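Inspection log for the structure reproduced underneath, given as structure tokens.
No value in this document is a laboratory result; all are computed from the given coordinates. If you're wondering where the values come from, they're calculated on a predicted model, not measured in any experiment. Cβ sites come from the backbone with ideal geometry, for glycine too, and all protein chains shown count toward neighbours.
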Amino acid sequence: MGAGQLTIDLGAVAANWAALDALSGEHVETAVVIKADAYGLAARKVGPHLTKAGARTFFVANVAEGHALRPLVGDDADIFVFSGHMDGDRGALESAGLIPLLNAPEQVTRHFSLLPGHPFGVQLDTGMNRLGMEAGDWNALSGELMVAGPRLVMSHLACADEPDHPMNMQQLNTFREMTDGIAHRRSLAATGGTLLGPEYHFEMTRPGIGLYGGLPFADATPAVRLDLPIIQTRIVRPFETVGYGNSWEAKVESCIATVAAGYADGLIRAMGPQALVFAGATPCPVVGRVSMDLITVDVTHLETVPDALTILGPHQGVDALADAAGTIGYEILTSLGARYERHYV
Ligand SMILES: *Cc1c(COP(=O)(O)O)cnc(C)c1O
């Protein structure tokens, strides 16, 4: 067992999908955001599993992800593409039956001329200023778009992880002003928006991070566990140092364990001085710098040193580890490396 052991709990992902689905009304569909290879957990596992659990609508970042997803979720699933219809996307949109979320007049023109009659959705900008059609363009084009019949009209919230942020209500009002009265399905909420309450749900919610066990879904069931084998232990005497740059110096005689994962495996180098790993329930501090393939850990206080230490598990989830690195759970998940031995349960 020379490699880190990454255990991904597909049952937890399905339970999180069901729990988020239960937050919205009967008539509201809960879709699945599966971009970035299911936030690093593998679309080829998550896609079929959630399809079996009843999910029928998926969102990906671009047509390449959608093309790869199609055989995994069957021909009946809707696959929406956030980047819309880019130059060169026509073949993949057509062959894999993907639905682009058109975000600008040029995309509307491209789509209607290259793939007339092919399904599409519309992505509106309600203030985030990242992706989506501006109000002026929407006003000019909505007549034509409504006649053609979008499969979905959606927008995205910038501050939904902060429930009291005034931006939420402001974007909700803007979305309603732009779309109230249309005869087509609407979606505004990702994970954060789903938690904000029913006025944010419309006909479809589209959570991502909450499915995979991350904040802002505080009640999520954790979906990942990462155990790192100890390759070597050694006794370090006072004034000896550990790792690159001599950044940690022993104050007392210490037992240091070297474990098999580093920043090349997604254990972000910046987490070095704050991070913990666990021996069962006992925290052990990371000492010295995180290197490419290795981390050094102070295990002096353990009665027996185990074969492996746990860096993601019941005592430290993705958001706690993210805090140590000054980042967010999303980045911890999408950074999980290719060298781990993966186990899907
Ligand atoms: C990534 C993304 C989502 C999912 O967001 P989470 O915060 O992971 O739930 C939904 N909609 C859009 C437009 C996105 O880019």
Original post:
Highest mean first, what order results for 227-233, 262-268 on Cβ atoms within 10 Å?
Top reply: 262-268, 227-233
Original post:
So what is the diffusion coefficient of region 1-116 in µm² per second by Stokes-Einstein at 37 °C and 0.692 mPa s, using a Kirkwood Rh over Cα pairs?
Top reply: 215 µm²/s
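Once you keep just the Cα pairs under 8 angstrom separated by 6 or more residues, what percentage relative contact order results for region 194-345?
On the way: 292 pairs, mean separation 35.2, N = 152.
Averaging sequence separation for qualifying contacts and normalising by length gives 23 percent for region 194-345.
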**OP:** Could you work out how far the C-alpha centroid of region 226-244 sits from that of region 273-345, in angstrom?
**Re:** 14 Å
Original post:
Short version: ³J(HN,Hα) in whole Hz for each residue of region 130-140, in order, from phi by Karplus 6.51 cos²θ - 1.76 cosθ + 1.60 (θ = phi - 60°), x for Gly and Pro, what are they?
Top reply: 10, 9, x, 6, 6, 4, x, 5, 4, 4, 6
Original post:
So how tilted is helix 166-179 from the main axis of the chain? Cα-based, degrees 0 to 90, rounded to 10.
Top reply: 30 degrees
Original post:
What angle, in degrees between 0 and 90 and rounded to the nearest 10, separates the Cα long axis of helix 10-21 from the longest principal axis of the Cα atoms of the chain?
Top reply: 40 degrees
**OP:** Convert each backbone phi in region 262-273 into a coupling constant with the Karplus relation 6.51 cos²θ - 1.76 cosθ + 1.60 (shift: θ = phi - 60°), then list the ³J(HN,Hα) values in order as whole Hz, x for Gly and Pro.
**Re:** x, 5, 5, 9, x, 8, 3, 4, 5, 6, x, x
Original post:
How long are the semi-axes of the ellipsoid equivalent to region 173-268, from square roots of 5 times the Cα gyration tensor eigenvalues, in whole Å, largest first?
Top reply: 52, 14, 11
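Which whole-number percentage describes the relative contact order of the chain, with Cα contacts under 8 Å and a sequence gap of 6 or more? Spell out each step's value before the answer.
Working: 735 pairs, mean separation 65.3, N = 345.
In percent, rounded to a whole number, it is 19.
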Subject >> Residue exposure sequence - Glu303, Glu65, Glu203 - by fewest surrounding Cβ within 10 Å >> reply: Glu303, Glu203, Glu65
Subject >> Coil-residue GluC sites (Glu not before Pro) of region 236-283, DSSP, other Cβ within 10 Å capped at 15 >> reply: Glu240, Glu253
**OP:** Would you compute, for the Cα atoms of region 59-135, the largest minus smallest coordinate along each principal axis and list the three values in descending order, in whole Å?
**Re:** 36, 26, 19
Original post:
Out of Gly243, Gly193, Gly132, any idea which swings most in a Gaussian network model of the chain, alpha carbons joined below 10 Å?
Top reply: Gly243
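With the alpha-carbon atoms as the only input, what is the per residue convex hull volume for the chain in Å³?
Numbers: hull volume 50.1 nm³, N = 345.
That works out to 145 Å³ per residue.
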Original post:
When the chain is treated as a GNM, springs tying every alpha-carbon pair under 10 Å, which of Gly117, Gly272, Gly11 comes out with the largest mean-square fluctuation?
Top reply: Gly117
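How big is D, in µm² s⁻¹, for region 245-329 by Stokes-Einstein at 10 °C and 1.306 mPa s if Rh is the Kirkwood radius over C-alpha pairs? Before the final figure, lay out each step's value.
Working: Rh = 13.0 Å.
My calculation gives 122 µm²/s for D.
If neighbour count is taken as other Cβ atoms inside 10 Å, put Arg225, Arg342, Arg130 in order from fewest to most. List each step's numbers first, then the result.
Details: Arg225 19, Arg342 15, Arg130 10.
Ascending Cβ contact count within 10 Å gives the list Arg130, Arg342, Arg225.
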Original post:
Considering the chain as a Gaussian network with a 10 Å cut-off on Cα pairs, which listed residue, His201, His118, His85, attains the greatest mean-square fluctuation?
Top reply: His118
**OP:** Show which lysines lie in cross-link reach of Lys35 when reach means a straight Cα distance below 27 angstrom and same-chain residues fewer than eight apart are skipped.
**Re:** Lys45, Lys52
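Which translational diffusion coefficient, to the nearest whole µm²/s, is obtained for region 161-206 from the Stokes-Einstein equation, given a Kirkwood hydrodynamic radius over C-alpha pairs, 37 °C and 0.692 mPa s?
Working: Rh = 10.9 Å.
After rounding, the answer is 302 µm²/s.
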**OP:** Taking H placed 1.01 Å from N in the peptide plane, check which residues at least 5 places from His156 or on another chain put their amide H under 5 Å from its amide H.
**Re:** Thr126
**OP:** Compute the separation of the alpha-carbon centres of region 115-187 and region 1-57 and state it in Å as a whole number.
**Re:** 25 Å
Subject >> Mean residue ellipticity (222 nm) of the chain, computed from DSSP H runs ≥ 4 via -39,500 (n - 2.57), nearest 500 >> reply: -9000 deg cm²/dmol
Subject >> Where labels lie 7 Å past Cα in the beta-carbon direction, separation of Ala183 and Leu131 in nm >> reply: 2.9 nm
Original post:
In whole Hz, what ³J(HN,Hα) sequence does region 277-286 give by Karplus (6.51, -1.76, 1.60; θ = phi - 60°), x for Gly and Pro?
Top reply: 10, 10, 9, x, 9, 8, x, 10, x, 6
**OP:** Name the residue farthest towards the positive end of the dipole of region 207-323 from the options Thr282, Val297, Gly208, assuming +1 on Cβ of Lys and Arg, -1 on Cβ of Asp and Glu, about the Cα centre.
**Re:** Val297
Original post:
Amide H neighbours of Ile99 under 5 Å, counting only residues 5+ apart in sequence or on other chains, H built in-plane at 1.01 Å?
Top reply: Ile79, Phe80, Val81
Subject >> Shape box of region 46-203 [Cα atoms, principal axes, largest first, Å] >> reply: 42, 39, 26
